[in-house]
Every structure is written in structure tokens, then in C-alpha cells.
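Visitor: Below: one structure in C-alpha cells.
The values are calculated or read from the model by the stated rules, or taken from the named source; none is laboratory data. Being a predicted model, the structure only gives us computed values, none of them experimental. Every residue, glycine as well, gets a Cβ built from its backbone with ideal geometry; the counts of neighbours run over all protein chains shown. These accessible areas exclude ligands, DNA and RNA; they are computed on the full protein's heavy atoms, side chains included. Shrake-Rupley method; radii C 1.70, N 1.55, O 1.52, S 1.80 Å.
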Amino acid sequence: MATNRTFTMLKPDSVEKGHIGAILEKINASGFRIVAMKLTQMTKSDAETFYEIHKERPFFGELVEYMTRGPIVAAILEKENAVEDFRTLIGATNPADAAEGTIRKLYAASIGENAVHGSDSDENAAIEGAFHFSGREMF
Ligand code: IDP
Ligand code: MG
């Protein structure tokens, strides 16, 4: 089951700019089924835990500040080959390098404020989904 699920966040910049609907439309049109979804805001401690792998990176403080500054849309998505296909749909971390038509190419402002998160492995998809949702919030 986990191999067909991924976790995403529409980051604070996407919510601030009114891009929730357009991004969800692209996700739907690309064949993903929404398994869980909510508007929520991460605390500093949430963001530090979620992005712990990056804690030694020079941009860590900036990343935590950004991800906590306003609400996000958190969601679990289901599709065959979900993790890889969703990374393709969102495009490269830096929108300057992202392919035409990808969510980051269309909606991201910079490598830091890059509109969306997508899990990078099945294992992380399961961990990240469970970080934001309880079993009774997944359908
Ligand atoms: P990913 O989101 O494409 O998997 P990661 O390398 O895992 O990219 O980085 C996590 C997040 O940290 C990025 O999505 C972006 O918001 C932020 N980030 C990554 N690299 C930089 C950087 O060089 N400067 C500022 N923020 C960055
Ligand atoms: Mg990553």
C-alpha cells in the first residue's frame, strides 16, 4: 500500500497567493486520489522535526521560518507509483531548473519558497503522512 502513496504540503506561499485551487486541480488532473487533507499550521518544533534531516544546512533557520509563517495544506495522495510520479509533477527543488508545466515552474518563487513538498521515498511518505494525520483522518 505504501508504495502507492505520497505526502504533500502546499506550502505557506501557495496558500498566501491563492494557489490552493489551481494546484489541487493539477494534482487531480494527474490522477492522484486524495486520501487525507487539511489546512493546518506547523509550529517551530513541528517544522524542526519534519525537516530534521536538513538541520545542519545553512538554510535550515530560513526553512523553519518559512514553513511556520502561515497555514499549509497537508495531504496524502494515492496513485500507482505515487512518490516518483508526484516528484515529476512538482519539478526540481529550484523552480529555475524545473521542467515546463510542473507545479514549481508554474507557482514557485525561488529555491526556498518553492510552493510544494513531495516525499522523496516510500519510507518517508509513510513517516510524513503519519506526522500530520491519524489513521481515522485517512480514507
Ligand atoms: P525537495 O523539497 O525538493 O525535496 P530538499 O533538498 O529536500 O528539496 O529541501 C527541502 C526544502 O528546503 C526545499 O523544498 C526548500 O523549501 C528548502 N531549500 C532547499 N534548498 C534550499 C536553499 O538552497 N536555500 C533555501 N531553501 C532551500
Ligand atoms: Mg526533500
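Visitor: Working only within segment 102-126, note down all residues that are out of contact with any Asp or Glu (no Cβ under 6 Å at 6 or more places or on another chain), more than 8 Å from ligand 1 (Cβ to nearest atom) and more than 19 Å from Ile20 (Cβ to Cβ).
Guide: Of everything in segment 102-126, those that are out of contact with any Asp or Glu (no Cβ under 6 Å at 6 or more places or on another chain), more than 8 Å from ligand 1 (Cβ to nearest atom) and more than 19 Å from Ile20 (Cβ to Cβ) turn out to be Ser121, Asp122, Glu123, Asn124, Ala125, Ala126.
Visitor: Out of Ala74, Ala96, I need the residue that is in contact (Cβ under 8 Å) with a residue 12 or more places away in the chain, hydrophobic (A, V, I, L, M, F, W, C) and open to solvent by 50 Å² or more (accessible area, probe 1.4 Å). Which one?
Guide: When all the criteria are applied, what remains is Ala96.
Visitor: Pick out the one residue from Ala22, Ala92, Ala36, Ala74 that is farther than 28 Å from Arg136 by Cβ, of a type in the set (A, V, I, L, M, F, W, C) and away from ligand 2 (no atom under 14 Å from the Cβ).
Guide: Details: Ala92 fails: away from ligand 2 (no atom under 14 Å from the Cβ); Ala36 fails: farther than 28 Å from Arg136 by Cβ; Ala74 fails: farther than 28 Å from Arg136 by Cβ.
Going through Ala22, Ala92, Ala36, Ala74 in turn, just one is farther than 28 Å from Arg136 by Cβ, of a type in the set (A, V, I, L, M, F, W, C) and away from ligand 2 (no atom under 14 Å from the Cβ): Ala22.
Visitor: While we're looking at this one, here's another question. Keeping to segment 111-139, report how many residues are away from ligand 2 (no atom under 15 Å from the Cβ), closer than 19 Å to Phe32 by Cα, open to solvent by 40 Å² or more (accessible area, probe 1.4 Å) and assigned to a loop (DSSP other than H, G, I, E, B).
Guide: 2
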